[in-house]
Amino acid sequence: MKKQLFAAINLSLPAMFPAALTLMLKRANTRFSPTFLVALVATIYFFIAAGALAASLPQADRFTIKSIKADPSGNEVIIEFTEPFDRQLAINNLTITPPTVNYRPWESSMPSSVALRINGDFRRGTSYGIKFASGFMALSGRPFVESLKEFNVPHRSPKMDFIVPGSVIELNSRQLVHLAVVNVESVIVESQALSPLAYFAHQKGIESKLVNALPKGHPLGRYAGDGSTSRDLYDTKGKPDQEQNFSMPLANRQDKEKGALLFVTLKDNALGGAGSSKPTFFNVTDLAITCLAGGDDTLVWVTSIATGQPVAGAEIMAYTTFGSFFIAGKTDNDGILRIRSGKRKGYRFPTPASVAGPYAALYMADRSQTSGPETGIQAVDDLNYNPRDLKFLCARTDNDVAIIGSPDDGNWRLPFSGVRQTSNISETPRETRSVLFTERGVYRPGETVHFKAVTRFYQTGSIKPPMDERCSISVYNSREQPIYAVSLILGEFGSAAADLPLAASSPLGEYRADLNCGPSPVSTTFRVEEFKPPRHFSRLGFETVKRRDDSYVNRPADLDFLKVKIAGGYYAGGPVKNARVRWQLAYGPSSRTIEGYENYTFGHESPNSEPEPLESGETYLDGDGQIALDFPMSREVLAGEKALVVSATVLDFDGRAASVTKSWVAQAPYNVGISQHKPDIAAQSEQQLDAVVVDAAGKRIKTGRVEAEILRWGWTYLRKRNLEGNEYWTNERVWRRASINELALKNGTVSFGANFDWGGDYIVKFTYFAPDGKSYSSATRFDVGWYDPDEGGGNNRDHNALKVALYSDRLSYRPGQTATVRLGTKRKAVAYLTATGRQGLFDYHVSRPTDGLKEIKIPIAETHLPNVYATVIGTLARGGIPGLHRPSRRRNAKHPLRCHGFAGNQKRRGPVDQHCTGDQGAGSRTRPGSKLESFRHRRGWQGQPGRAGRGCG
């Protein structure tokens, strides 16, 4: 029986089954059951047959690798398979040899269902082998079959380029160009000198070398000429596939002591190498050109990069977008040239597309008007110049030349926050400002809501009421359902009114009204509530008292208390007897204004918008409807640094409430005022502040000692004691002193430049030491940001322009007054250009202060109405340039910069006097809902009568 079974099994085995296995089964002493032996043979047959079948199938029918792509960066490899698979299973069975640096399997991903992306630092130019273990299979269950087993990471392509393309190369320097090179062993730096006319011709698309051929003695001869070519060979061999940065001098350039316009090209010195880079424009110069264009004027300011001083006698050529150009003149002693719009003599390039042929661009149809048949430059007697057509400016001296683009080009423009710059005034949108209000904030269902809309247009330097313009008012109830819509026409004062009768069934809650008049709608809200008129009221009164304190042994003292008197009464008469009252005491800001010093703030600004709670309680009024509470006053309250804010609510017998809130500030014999300022500034900027000291009668103190202190909101460790009496340390935020300065009053005023090196919350405190031995102070807050949005903006040129903070001493001025604008800069400039204007230039002035410019004076004229803008631009001299003996990561340690600032001020003709009289006299009181007739008389700032509109609320 056994022999027959073995014979049957042997006959069932395929021919490819190894004979050794059959012999092993025959000679084995172990006894196998027939069932086990059949299963074993079947299993062996299955695996061997499956493997042989997979190996024999074509690639399209098996699970294997389709392609391997290594990224040239060497950071990732993508393996594409023939079938979908499990990512985690692939990662667990993958082996890469040689092991890659910083291999990150957890960051692997699948760009598609059949692709695996693996991350690591693969070495360029290296072959890597990959292998998947036998347990790896597709989602279909098909096992993986090896095919592609290795991949190569390619080398980076040869590359050479400029790090800072199109920049200015300082004349008084090593005249370096900065290169970024990859896999290039030697580079040729080829520079082609251009004349200004050749540069303009290049912008026009004309053969520049032919334009240079001008007759001898031609007025444009100094702007033309054949440019020389220089070549410098440098060894740039470095580590393979790594970008190398080089700073190479233009060593072989002719006349290196003179400025030049250059087209610089990089070429690979190797035969069949990376070729060459694009020609890049560089300007080797010591001339810095600043251009202010607006309205009909173009203001050009030429200064030295090395010294920052204005350059006199520089000749200016202007080039327009139409291919025309003219010599505008020479700069004065302040380096200024003012170019006005209008007709003038000039020149024009021909249009290359108008004629055909290789030299057609050099000729015009009428040769009698050209300056020479070789050049094709046309002389024009009535060239019409408009600042909006300006494209380039060229400044030239005997040994230097510089070119700058138009301010209309965003690549050359200095940014000003909140100002839209355009070359065409007609493109400026008309700005509309509107306001919508109601005569009160709460209405009952069934009452009538009265709306008033006022609109003004701001355009072309004027503020006008938009008469006969159409606007619309839409009203939505508390359920956001439209309930009212009306279209109105504005009157001669730019105002309109409408009435909305509320239905008796109107839902309660907050209603919204929208005014559409111009591009930006405005809204207001009012409430519809069922309310009853108040029956009673609350009153607060203050009184200061002193109280003897004998609790300290041998140190009796008189303490100051604030007596708060709370009273309640009925409108019909009589006190609210024995009523419950709830009260709260808090710290509040003590800032205030004093008549005659409207541009100064007196007292201390609170760091928080909400009062700081101190204590609260509940009590009862007496039989006369009054109660008195005594509170001790701290040193801060007595010094006027903080105000005490008291709130009281008196409840009647049926629970109706009447609330009142009032502040108390200690009256000091001396008050310190701080000039108004912008609360938000950037770090590392200086803020100029003025302080005055006035007595109780409002008279300014002329002399005295003042201390200016800067406090910063920061963290510190404090030692405290808990309820058990044990000491512990805690980290809390407090106001910490940053700096302190001793100052002296001069003519009743003291000036202080506050510097903020770090971002955060700051307080600047001025303390006056009075003759009575006491000190009196005021403080103002600053929110200092870490980053100034006006600097940078993504343009490389903008990083060479620092921000100048400008602060005016008033919010508005009248004609005849003088505006004082204070400057806050990070660095003191050598020279300042101050220009005033509005859609054009009013006036300009150049100053060269020896110790920095603190403020500028601007006389206000009638032409400045309704507002005027002041622009300040300063030049900063060159500092040190790092050399080889002092390595530095910076290419320029103290590179020359510009600093600029911008400020706008409102101008008005003067205060408008409006006197109100009624049938009960001006300032009379009447009951709610009753009528009161009033009459208003309007007089201007010079006493003349005028017409006016009125809105009452």
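For this structure, a couple of remarks:
- Verdict on Ser434 being farther than 21 Å from Pro196 by Cα, at pLDDT 50 or above and within 28 Å of the chain's Cα centre (by Cα): yes
- Any hit, region 807-820, residues being modelled with pLDDT of 80 or more, within 28 Å of the chain's Cα centre (by Cα) and outside any loop (DSSP other than H, G, I, E, B): yes
- Residue in region 509-525 that is modelled with pLDDT under 90, basic (Lys, Arg), surrounded by 11 or more Cβ atoms within 10 Å (Cβ to Cβ) and assigned to a strand (DSSP E or B) present: no
- Among residues of region 571-595 being at pLDDT 85 or above and farther than 21 Å from Val660 by Cα, the one that is surrounded by the fewest Cβ atoms within 10 Å (Cβ to Cβ) is Glu595.
- Pick from region 842-867, criterion under 27 Å from the mean Cα position of the chain (by Cα) and in a strand (DSSP E or B), ranking: surrounded by the most Cβ atoms within 10 Å (Cβ to Cβ): Ile856
- Whichever residue in region 614-665 is among the aromatic types (Phe, Trp, Tyr) and assigned to a strand (DSSP E or B) and, among such residues, is surrounded by the most Cβ atoms within 10 Å (Cβ to Cβ): Trp664
- The condition of being more than 14 Å from Glu447 (Cβ to Cβ), in contact with a Leu (Cβ under 7 Å, 6 or more places away or on another chain) and assigned by TED's automatic domain parsing to the domain that holds Val435 holds for Ala498.
- Among residues of region 243-261 that are loosely packed, with under 14 Cβ neighbours inside 10 Å, those with a beta-carbon under 7 Å from a residue that is of a type in the set (Lys, Arg) at least six positions away or on a different chain give the pairs Ser247/Arg891.
- Segments classed as strands (runs of 3 or more DSSP E), wholly inside region 132-201, with at least 1 members that are aromatic (Phe, Trp, Tyr), touching a Lys or Arg at 6+ places or on another chain (Cβ under 9 Å) and without any contact (Cβ under 8 Å) to a residue 12 or more places away in the chain: none
- Selection over region 436-471 of residues that are under 16 Å from Ala513 (Cα atoms), surrounded by fewer than 16 Cβ atoms within 10 Å (Cβ to Cβ) and touching a Cys at 6+ places or on another chain (Cβ under 9 Å) gives a count of 1.
- Output for region 180-193, where each listed residue is within 11 Å of Val264 (Cβ to Cβ) and crowded, with 23+ Cβ neighbours inside 10 Å: Val189, Ser191
- Some residue of region 772-793 being buried (at least 18 other Cβ atoms within 10 Å of the Cβ), modelled with pLDDT under 85 and of a type outside the set (Gly, Ala, Ser): yes
The values are calculated or read from the model by the stated rules, or taken from the named source; none is laboratory data. Bear in mind the structure is a predicted one, so any value in this text is a computation, not a measurement. Positions of Cβ are backbone-derived with ideal geometry, glycine not excepted, and every protein chain shown enters the neighbour counts.
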